[in-house]
Structures are given as structure tokens and as C-alpha cells.
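Below is one structure, written out as C-alpha cells; comments come after it.
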Amino acid sequence: MPEVWKIEKYARYLTTPSVVGKGHWQQYDDNDGDLVLTLTDSSHLVLCRSSTVMESHSLVTARAWMRGMTKRDSMLLMYKVANETRRFRMKFYASDGITAENQCAACAERLSKFFPVKMDSPTTKSMDVTSTNEKPKDAVNPQVSQVELLQGEVTLGKMAQVVSGHLRARLPVAYQHCDFPPEEMKTMIRLCLTDPSFPAFVQQVDTQLQKLIADDISNVT
């Protein structure tokens, strides 16, 4: 069964592309839509604001690139993607007679099975995953900057447009890494191609992507 926690506030740190090491916190609360953190049966950590995916991380190899710490009813998660450090924090809700602090502690204990989580630390400065020498990716490869970089919240419909090729854009850095080693990916694809039902599955995925795109466009108009 998936494990679910209600979140009162969520904030993510956004770097300033033109200034190395500078940025700001962008905050959301439940007035912007229900905030829900889910740990799926497939070890995927997903934070949604209503129908918008705010964070999505496969934790299969998270011990190598993610760190966490808690302080009372709040949790800070930090992770490395390429040469960039990303971070976000959450304030938990009390639920089902359990205090917000205990909800946070229960979540931290569960996530500690996948990556290190430091409990009730008063500061985040000592975390070894932090970096003040982050270099914007566009500065390394100027050709990439010609493609629109989606920032902030990305709806499922917008994500479907990028994945299906309908929109020429780059998803936020968090969506640009894959946890599967190349050899395992190669093996998995070959196994899928030998499954007679795989072509029909691909068609069904494409159909659902088109529905998400249509819903997203209709919501905008």
C-alpha cells in the first residue's frame, strides 16, 4: 500500500541562472491546492499539489544522491542532479490524531530506508550535499539555452507534451536524470520488445498522453 502524508506548506529553492550561488525559496501552502506526499509501492516519492506534480523522485538509488534532515514538524530534502544541488522543504500536517511532529518523524524514518536522514538538526549548513559553487547548466552548453526551460510547477499535461514531442522544451533538472544503469535499461527494453503485448501497451500510453494534453489545453482555454 502507498504511504501518504498531508503537507501544510511546501517550498523549493530556485537558483538564479545569471548569478552563481544565488536564489530564492518559492513557497506553496494548502490554499494553493491540497499538498500530498506519497511513497509508492515502487519506491517512488511524489509530491503533488492537486493535479500538479511538484516533486517526483525514484528512490531506488537515492542513497547515492539524496540527503534529508528534520526539525520538529518540518523536513528538508536535498539532492544532486548532474552538477547542480536541488532542495525542497515540507511542513507536515497533524492527521488521524497524530501530531505534525510525529507525522514528520514517521516519514523520516520511512525515507531513511532509502537515504540518510538526520533527525532534528538545528541547521542545514553542515550537510555535505550542499554546494555554493553551482554552475547553471545553460552556461556550460549555450546551444541548450535555445530550448525553453520549464521552471516552477509543471502540470501533467505539460509534461505529457514534452515527453510526446508536442512541445520543444526542457523539463526542470529534477526530471532530467534516470536512475537505471545503461546496461539494465538495455536489458529491460529488450525484454519489453519480446513481450507480444508491449506494442498495445505503448499505444495505450500514447492515448493517455494525448488525453492529458487535451485536458491541459482545455483548462488553459
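Tabulated data
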| quantity | calculated |
| --- | --- |
| Within the range 69-92, tally of residues that are touching a helix residue (DSSP H, G or I) at 6+ places or on another chain (Cβ under 6 Å) and either outside any strand (DSSP E or B) or farther than 16 Å from W25 by Cβ (or both) | 6 |
| Residue match in the range 69-78 (condition: open to solvent by 30 Å² or more (accessible area, probe 1.4 Å) and either at pLDDT below 90 or under 17 Å from the mean Cα position of the chain (by Cα) (or both)) | no |
| Number of the exception - F115 against (1) in a loop (DSSP other than H, G, I, E, B); (2) closer than 16 Å to P2 by Cα | (2) |
| First in the range 24-49 and in contact (Cβ under 8 Å) with a residue 12 or more places away in the chain and surrounded by 14 or more Cβ atoms within 10 Å (Cβ to Cβ), second anywhere and of a type outside the set (D, E, K, R) and assigned to a helix (DSSP H, G or I), Cβ under 9 Å, 6 or more apart | L37/C107; L39/C107; L39/L111; S43/A62; L45/A62; L45/L111 |
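The values are calculated or read from the model by the stated rules, or taken from the named source; none is laboratory data. Note that the structure is a prediction, hence the values are computed from the model and not measured. Using ideal geometry, Cβ is built from the backbone for each residue, glycine included, and neighbour counts are taken over all protein chains shown. Just so you know, the surface numbers come from the protein's heavy atoms only, side chains and all, with ligands and any DNA or RNA stripped out. Shrake-Rupley method; radii C 1.70, N 1.55, O 1.52, S 1.80 Å.
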